[in-house]
Amino acid sequence: MDDRSILLAEAELFIRRCYAELERTEEEAELRLKEIVREIEASGTYTHTYDELRHGARMAWRNSNRCIGRLPWDSLHVIDKREAGTEEEIAEALIEHLDYATNGGRIRPTITILKPERGERPGARVWNEQLIRYAGYGGEDGERIGDPASLEFTQVCERLGWRGERTDYDVLPLVIQLDGGAPKWFELPREKVLEVEIRHAGLPGFDELGLRWYAVPAVSGMRLEIGGIRYGGAPFNGWYMGTEIGARNFADEGRYDKLPAVADLMGLDRSRRSTLWQDRALVELNVAVLESYRAAGVSMIDHHTAAAQFETFERREKEAGRDVTGNWAWLIPPMSPATTHVFHKRYDNTIVKPNFFYGKKPYGAAAVSASTAGVCPVTGAKSEESAAAAGEPREQPETRETLRGRSAHSGAAGAPSGCPFH
Ligand code: ARG
């Protein structure tokens, strides 16, 4: 199949499903498809209507196998900024996104969709992994400042001429690239970045750790694909689940590594692992995160409530006649997973489109190459092997994804491509 036939096949699959879900008639879908055929013949691509864009983005969230927070997928706020034609306009759009999404703490799930790929032109790309993230610095003397997850990107920003204050919580600039041109960076105005100071009323000395985190997790390093159209710049946000911060960002040895400090404040015996000092410290750290966001009036969900909402999502999808796909290794929370129903179930990790994908990193020699081997060109269904080859996972240790993910990946067993349509 050549590129145009693949695009048309993907468009057909999407338009029929989208129009059916939006309760449009089959005639409307067929008419629209005729229009799309003509547009593809004339220009090699086609342009989504706003309704298609909006519902397509919502479907992409609904299909996000790693996300436990999919219940409100149908209320995602979709901002169409495909026309933003300069890096400056894009930066402005992203700051507007943060304003709208932050909403004084009552976070609104939002996506801003920028200029898509078109033939050889890559459209808009945001180099940041998230719109808001802290810089990370590490000197040869072993000195570590900030978030080690941002080491490489921080260097990229510095090479572009940005310079941080070298605190543990320097907010990185936005780096925007349009159609493969030179990237431009933009400082994020500090007043646009809502942050929460993490405190613990019952633990003397905790507040002096000076922990803080931002309110809005806005993933900007993934590509949105709808009906064969690739939107390389489509940052989206929900709200945080407490464990993302308390059991990973602050706790991982390769991140802020705060468990020993918390355990010492609690007076725990760290001479043996079997005192479970790590587990005890984890609980208090996570209580502190949840209580601090609550006190600050910033939306956040705990992992028990998130799992309960996911169960509701699963039931609603079943009622709608759709199968829920999921990645067990990512869906289970990193803390007390067996207290949630998710732990005791299996999930089918087939990739259904529309969806979000990791591609090639736009910078660096260490750029992870996006392998298309083992990916169905029409549906995007891919094997676990090709997912690993594409550089996933990004934030979790290899073992969590590849070992446990694979063992839980029984749903598509027997179907080599895992593709529901072939
Ligand atoms: N885990 C990432 C972080 O800690 C955020 C990923 C998206 N999370 C979300 N709740 N939408 O920053």
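When restricted to residues that are more than 23 Å from residue 215 (Cβ to Cβ) and crowded, with 19+ Cβ neighbours inside 10 Å, the range 118-137 contains 5.
Per the listing 355, 327, the residue uniquely at pLDDT 95 or above and touching a strand residue (DSSP E or B) at 6+ places or on another chain (Cβ under 7 Å) is 355. Checking 270, 199 one by one, the residue that is modelled with pLDDT of 95 or more and under 27 Å from residue 307 (Cα atoms) is 199 and no other. Set side by side, the residues 165, 158, 140 differ, and just one is surrounded by fewer than 14 Cβ atoms within 10 Å (Cβ to Cβ), modelled with pLDDT under 95 and either more than 19 Å from residue 251 (Cα to Cα) or within 14 Å of the ligand (Cβ to nearest atom) (or both), which is 140.
Candidates 144, 159: the one that is closer than 15 Å to residue 362 by Cβ and free of Cβ contacts under 8 Å to residues at least 12 places away in the same chain is 159. Scanning the range 110-137 for residues that are within 16 Å of the ligand (Cβ to nearest atom), small (Gly, Ala, Ser) and within 19 Å of the chain's Cα centre (by Cα) turns up just one, 135. All told, residue 21 falls short of being under 29 Å from the mean Cα position of the chain (by Cα), closer than 24 Å to residue 233 by Cα and of a type in the set (Asp, Glu).
Of the residues in the range 237-249, at least one is within 22 Å of residue 362 (Cβ to Cβ) and surrounded by 24 or more Cβ atoms within 10 Å (Cβ to Cβ). The residues of the range 69-126 that are within 27 Å of residue 326 (Cβ to Cβ), touching a residue at least 60 places away in the same chain (Cβ under 8 Å) and of a type in the set (Ser, Thr, Tyr), listed by number, are 110, 112.
Assessment of the range 6-20 against the conditions (assigned to a loop (DSSP other than H, G, I, E, B), within 23 Å of residue 350 (Cα to Cα) and among the aliphatic types (A, V, I, L, M)) yields no matching residue.
Restricting attention to the range 257-279, the residues being without any contact (Cβ under 8 Å) to a residue 12 or more places away in the chain and over 22 Å from residue 146 (Cβ atoms) number 10.
Reported count of residues in the range 314-334, each being touching a residue at least 60 places away in the same chain (Cβ under 8 Å) and either among the hydroxyl-bearing types (Ser, Thr, Tyr) or crowded, with 20+ Cβ neighbours inside 10 Å (or both), is 8. Number of residues in the range 45-89 that are part of a loop (DSSP other than H, G, I, E, B), of a type in the set (A, V, I, L, M, F, W, C) and more than 16 Å from the chain's Cα centre (by Cα) equals 1. Evaluating residue 98 against the criteria (1) closer than 25 Å to residue 167 by Cα; (2) assigned to a loop (DSSP other than H, G, I, E, B) leaves one unmet condition, (2).
The values are calculated or read from the model by the stated rules, or taken from the named source; none is laboratory data. Keep in mind that what you see is a predicted model, and the values were worked out from it rather than measured. Counting neighbours? That spans all protein chains shown, and the Cβs are built from the backbone with ideal geometry, glycine included.
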